[in-house]
Each structure stands twice: as C-alpha cells, then as structure tokens.
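Q: Right, I'll just put the structure down here and ask away after.
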Amino acid sequence: MQRTLTVSLGLAGRNLLLVRRVPSVFIPSLVMPLFILIATAGAFRGIAALPEFAGESYLAFTIPMAATMGAGFAGINSGMTLARDLEGGFFSRLQSSPAPRLALVLGPIGAALVRSAFTTTVVFIAGGIGSVGLPGLWGTLTVYGLAMAFAAITSCWAIGVALRAKSVQAAPLMQVVVFLSVFTSVAYVPQDALTGWLSRVSEWNPVTYILNASRSAELTGTIVWSETWPGLVAAGILLVVLGAFALRPLFHLER
Amino acid sequence: MVAIPSRVVTALAVETRDLVREYKGGVRAVNGVSLAVASGEVYGFLGPNGAGKSTTVRMLCTLLRPTAGWAKVAGHDVARDAAAVRRSIGVALQDAAIDPYMTGRELLRLQGVLHGLSRQGCRDRADVLLDRVGLVDAADRRVGTYSGGMRRRLDLALALVHEPVVLFLDEPTTGLDPLSRVTLWDEVRRLNTELGTTVFLTTQYLEEADQLVDRLGIIDDGRIVAEGTPRELKAQVGDPTLAVTPVRAEDRARAREVLSGFGPEVLGAHGCVAVRLAAGAEGLAAVVRAMDDAGVAVREIDLAEPSLDDVFLAATGRHLEGDEAPAPAGPAPAASR
C-alpha cells in the first residue's frame, strides 16, 4: 500500500509538472469554468427572479457548477495525458516497471484532484470579486470535496476511454460525455424550473445530485444532509462504476 | 534446445519455448520462437522490419501476453510471474519513449520511484547514471531539446536505474549517427563486461550485430532461421573470399592461374581476381608466397569473410532489408581481419 501511494504521488507530481511546463494545456481548462461562471451569471442573472431560486444570487448559484466544470476539465486532462503517454510509448515504460498497476491510475487521478482544487479556489476568488463570499467552513469544504470527487469520477471515465482507445483521438469522446452529463443536469436552474425531457433526464442524471449537494453547501453555508447524502451516494456509485471502467483494461492491456 | 557458449556461466537469463504471438485475424507475429540466453551474454536478434523482433521483446518484457508457448526471464515466467520479471529487467524500447517536457534528471528520479528506490536513492542513482552516460551538463534541460543520441543514452540510463539483471534494448541505435551509435555500443559493452548484465538486443543493422553480440538469432517471419555466434554463422555459409589486384594489368591471367590452386574463382571487383579461399584465412600466407614465386607484383590483397547478410541470404533466400548502417561494403583488408 505504501508503495502504491509513493508511486501514485510520483506520477501525480509528474502530471502536475506537465501542467506547469505546458500552460497551453492548463489555461483553457482554468479559463473555461471562469468564463462559464462570468458569462452565465451575467447573461442569466435575471432568471434568479424566478420563485424556484428563492431569492438567491445567481452568481452564488452558478459557483458550484463552475467548480464542477473545472473538475471535469481536470479529469478529462488526466485521460488525455494518459492517452498521449500511450501513443508516445511512455506508458510502456510505466507498464514494464514493477510499479503497482493501481498506482498507474491513481497517479493521474491525484493530479486531477489537485488541479480541481486549484480551479475551485480560482472560482471562489472570482465569486468573491462578485461579492459572493465563502460559504463558511463546512460549506466551503463540501464544495471542494464534491468538486474533487467529480474530478476523480471524470478522471476514471477519461482514463478508461484512453486505455481502450490508446489514442489522443479519443479526446472528443472523453469531453462530450462529461459536458453532456453536466449540461443535462441542474447546471443552470433548479430541478423545479426544468420542464419536458430535460427535467426527466436531469432526474436520472447523477450529476444533478452532486450539483444539488454542492449548491446546497454553497447557498446555505452548511451541510444539509437531505441534500448532501444523495450527492455523496451518486458520487460513490459513479466512482465505483467508472473506477472499474478505468482499471479493467489496465490489467488486460497486454492481452 | 539451443547450445550455450562455454564462456557463459550459470543459469539462463532468458529462455523461451515455442513462443507464439497471434493477433486478431490469425496473423502470427511470432511463430514458435525457442531460444536460451545465458547469464552475462549479449544476445542479438537480427531481422528485417516486421520479422517479430519487437513483438518477442514485448512479450519478454511482460508488455504482451504470449498466445502460446512460454518464456522465462531471470527464472520467472513472463505470464505467471510478471511482477518478478519486471523487477529483474531494464527496458529501452524502440523510439526512446521519453517525456519531452521533463528533464533528464527528473525522468531518472521518477524511474527510481517506479522501481521503489528511496528519495535519496533516486537522487544518488540519477547522479551516477547521468555521469555514466555523459549527460551531466544536460541533466536539467528538457529532454525535448536533446539530440537523438542523447535521448538514447538517457533511455539506456533509465533502463539501468535499478541495476537490472537483464537489459532489453529494442533497436537501440536506429536513427543514430555513426558516432552516437559507437558511443552506445561502448556503453553496452561496458555494462556487460563490468557489471555482467545480460543484454538482449534487437537490431536490423548487420554491423551492430557483428560488433556487439556474443550470439545471434536471425529471425524472419516470426521464426528463428539461424542461430550462433556471428563467426559460426558466417563459417556455415562458406569460405572467405580472397581478392588479389596485380600491379600490372597483364599479370591478371597469371594471378588467376596461381589462385586457381587455392579455390574456385568468384566474381570480383574490376581489376582484381577473386577466389573462394578453401583453406580459410590460414591459407593467406601460402597465396602470398605463391604470387611471389610466380613473379606477380601485387598492389592489394583483400580477404573478406561472408557477411551476416550472406548468412541471412542463405537462411531466407533474400537479402536483409532496411540495413542502413554504414557496413563495410567491399572485402576487408587482410591485415585488419
């Protein structure tokens, strides 16, 4: 276990080093959530007048979504880095080493966690500039925690795709599923304000429950269990399912 | 079972039996390879592109599962005990798969982490290896700025981080200039002689196979078609060729007459008379004496062994493709043999 942790940290460190060395990869994934936060809060702030918003600031309402999107980008980037390593042969170096197989996946996930924490911090700072303060200790920790959980989930998805496709060409598939999962959830308005097929899809979309939990923490400044536990369950289920999706090909890669 | 040269000591470093790798669609990249490499040996796999060299190496490095047959590396089965194999081997695959955004030192330290070295151990080993492969000055530069030769040397250093028992080098000098190629050969030789590391390398360069390996397996179409030391293999093909160039053109007929007593005539370069020397290299002195006795003034005498390309030709019916190395073209001068 100690070895798995050491190797995971080493590989996470390498991924974060690449983020620093290749800013062109990182900056868009930082700017996009900020852009979504600013553009959405600016363009749609009027809809906060709807009774479903119960008088909440639309900027505060959007902060969890921007943090979640940032986490999604971090996860996708982990998959893309791994796909690049597979294509370029660097992954063969990792595979031919005695490093624990689990660490080859945990490393990139660890890097995604750090990146999502960084993006969440920047989103909170942007919220602060827009006069939305931090939602208290537990509220803040919950938003961070759920964003990081989403980063781990999307990492597992993107890594699973990368290990199967073994090519960066699979990047659009990694991205489109993550974007769709967020945009067909309660990303822009509460569940009650959604109508038609989108309402039905969002009810079944587990990201809805993650966002609701994060949003509840952001807006109330504390942990409201009735809103939080469905989010934790959804995140847990996604982690287990997509974790298996990511790990399975790793142990069969040489077949 | 393959015969092992007597100079090599104990257990087998690499052993395979009827190794097969079949891909979807029934294509057999490796089709029943059996070989044995003794500890401390430098074993080479020579063959054209697509012969099955890299696929064999990938199976031996646990990157690919054999479809049939078995293979053991450092005494461990590659399919059943892959983790133990990975602990024993160093691998430098084709195309030096090195992250261009990292520095040489960072990569060596990361490789140390992968092999379970302590933090201090990683640092120390990186320093030692950077010095060993002559990359101290470039250690903190990104690998993307390295030349092909530097990348290969770094790749070799990475494979040595944990002092492996068996080192696999897949076409280690492909694409390198002659100087970088010779530098790498020297390093491989040093590893083998000083540390006793068993080296298993693949190549498509005749000269590399000739210069570097103790024993050679010639692979074509997924099968080993010939195996032995380069000298043995060449000896199997036939006698060396002796080419004599008289000073005076009118002496060619007399030279031909003298040489006819030493072996059958073969086609030689313009201006020379060439025979297959039946007595081998040992017959050279007698030829010189006979020329002298016949009063033929000789400008040049060349004695050439059969090349590994001749060996490949004899085994497969065609020349080795893709040999781009600057191998000696004509017969080697007798004195340098």
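The values are calculated or read from the model by the stated rules, or taken from the named source; none is laboratory data. All values derive from a computational prediction rather than experimental measurement. Cβ coordinates were reconstructed from backbone atoms using ideal geometry, including for glycine residues, and neighbour counts include every protein chain displayed. For accessibility, only protein heavy atoms count, side chains too; no ligands or nucleic acids. Shrake-Rupley method; radii C 1.70, N 1.55, O 1.52, S 1.80 Å.
Q: What is the mean number of Cβ atoms from other protein chains located within 10 Å of the Cβ atom of each residue in peptide A:192-205, rounded to a whole number?
A: Taking all residues of A:192-205 together, the mean is 0.
Q: Related question: Which angle between 0 and 90 degrees, to the nearest 10, do you get for helix B:178-190 versus the longest principal axis of chain B when only C-alpha atoms count?
A: 70
Q: Averaged over A:81-93, how many beta carbons belonging to a partner chain fall within 10 Å of each residue's beta carbon?
A: If you average over the peptide's residues, the count of other-chain Cβ atoms is 4.
Q: Within the P(r) computed for segment B:216-266, what percentage of the Cα pairs occupies the region above 14 Å?
A: Tail of P(r) above 14 Å: 65 percent of Cα pairs.
Q: Amide H of B:Leu167: which non-local residues (sequence gap of 5 or more, or other chain) have their own amide H closer than 5 Å, using H built in the peptide plane?
A: Here the answer is B:Gly90, B:Thr198, B:Val199, B:Phe200, since their amide H atoms fall under 5 Å of that of B:Leu167.
Q: What does the C-alpha gyration tensor say about the overall shape of segment B:66-221? Classify as rounded when a/c is under 1.5, otherwise prolate if a/b is larger than b/c, or oblate.
A: Oblate is the answer for segment B:66-221, as a/c is 1.5 or above yet b/c matches or exceeds a/b.
Q: Also: What FRET efficiency do you get for A:Val233 and A:Ile129 if R0 is 35 Å and r is their Cβ-Cβ distance, rounded to the nearest 0.05?
A: Between A:Val233 and A:Ile129 the formula returns 0.55.
Q: Okay, moving on. Please give the residues from segment B:38-67 for which the solvent-accessible area of heavy atoms, probe 1.4 Å, is smaller by at least 50 Å² with all protein chains in place than with the chain isolated.
A: Flagged in segment B:38-67: B:Leu63, B:Arg65.
Q: Roughly speaking, what is the centre-to-centre gap between segment B:18-90 and segment A:185-255 when only Cα atoms are used, to the nearest Å?
A: First find each Cα centre; the distance between them is then 45 Å.
Q: Considering amide H positions built from the backbone, and no H for Pro or chain starts, which residues 5 or more places from B:Trp70, or on another chain, come under 5 Å of its amide H?
A: Counting only residues 5 or more places away or on other chains, the set is B:Arg17, B:Leu19.
Q: Continuing with this model, one more query. Using θ = phi - 60° and the Karplus curve 6.51 cos²θ - 1.76 cosθ + 1.60, what whole-Hz ³J(HN,Hα) does each residue of segment A:91-104 get, with Gly and Pro shown as x?
A: Result, ordered by residue: 5, 4, 4, 5, 5, 7, 8, x, 4, x, 4, 4, 5, 5 Hz.
Q: Ok, one more. Total accessible area buried between chains A and B, 1.4 Å probe, in Å² to the nearest 100?
A: That pair hides around 2400 Å² of surface in total.
Q: Something else now. With an 8 Å Cα cut-off and a minimum separation of 6 or more residues, compute the relative contact order for chain B in percent.
A: Worked out over chain B, it gives 18 percent.
Q: While we're here: Please state the shape class of chain A: rounded when a/c is under 1.5, otherwise prolate if a/b exceeds b/c and oblate if not, all from the C-alpha gyration tensor.
A: Cα axes put chain A in the prolate bin.
Q: Here is a further query. Provide a whole-number value for the mean count of partner chain Cβ atoms within 10 Å of the Cβ atoms in peptide A:1-13.
A: Other-chain Cβ atoms within 10 Å of each residue's Cβ, averaged: 2.
Q: Mind giving me the nanometre distance, one decimal, between the label points for B:Glu163 and A:Leu180, set 7 Å out from Cα along Cα→Cβ?
A: Label-label distance for B:Glu163 and A:Leu180, simple model: 5.5 nm.
Q: Going by alpha carbons, how many degrees (0 to 90, nearest 10) lie between the helix axis of B:284-293 and the longest principal axis of chain B?
A: Taking Cα atoms only, the helix is inclined about 20 degrees.
Q: List the aspartates and glutamates whose Cα lies under 19 Å from the Cα of B:Lys24, skipping any in the same chain that are fewer than 8 positions away.
A: List returned: A:Glu254, B:Asp221.
Q: A further question follows. Return one whole number: the accessible area per residue of segment A:2-254 in Å², for a 1.4 Å probe.
A: I get 41 Å² per residue for this part.
Q: What does the convex hull of the Cα atoms come to per residue for the protein assembly as shown, in Å³?
A: Given the Cα convex hull of the protein assembly as shown, per-residue volume reads 183 Å³.
Q: Additional query: Evaluate the charge dipole of chain A about its Cα centre and quote only its size in Debye, nearest 20, assuming +1 on the Cβ of each Lys and Arg and -1 on the Cβ of each Asp and Glu.
A: Taking the Cα centre of chain A as origin, the dipole is about 1020 debye.
Q: Per DSSP H run of n ≥ 4, the term is -39500 (n - 2.57); total these for chain B, divide by its residue number, and report the mean residue ellipticity at 222 nm rounded to 500 deg cm²/dmol.
A: Theoretical 222 nm ellipticity from helices: -9000 deg cm²/dmol.
Q: Quick one: which residues, 5 or more positions from B:Val298 or on another chain, have an amide H under 5 Å from its amide H? H modelled 1.01 Å from N in the peptide plane, none for Pro or chain starts.
A: Amide H neighbours of B:Val298: B:Val247.
Q: Under 23 Å from the Cα of B:Lys234, which lysines turn up, not counting those fewer than eight places away in the same chain?
A: Leaving aside lysines fewer than 8 places away in the same chain, those within reach of B:Lys234 are B:Lys53.
Q: For the protein assembly as shown, give the magnitude of the charge dipole about the Cα centre (Cβ charges: +1 Lys/Arg, -1 Asp/Glu; no others), in debye to the nearest 20.
A: So the magnitude is around 1540 debye.
Q: What accessible area per residue, rounded to a whole number of Å², is obtained for chain B using a probe radius of 1.4 Å?
A: 44
Q: Something else now. Distance in nm between label sites at A:Arg3 and A:Met32, each 7 Å beyond Cα in the beta-carbon direction?
A: With each label point 7 Å from Cα toward Cβ, the separation is 3.7 nm.
Q: Whole-Hz Karplus ³J(HN,Hα) for segment A:64-81, in order, using 6.51 cos²θ - 1.76 cosθ + 1.60 and θ = phi - 60°, x for Gly and Pro?
A: x, 5, 5, 5, 5, 4, x, 5, x, 4, 4, x, 4, 4, 4, x, 5, 4
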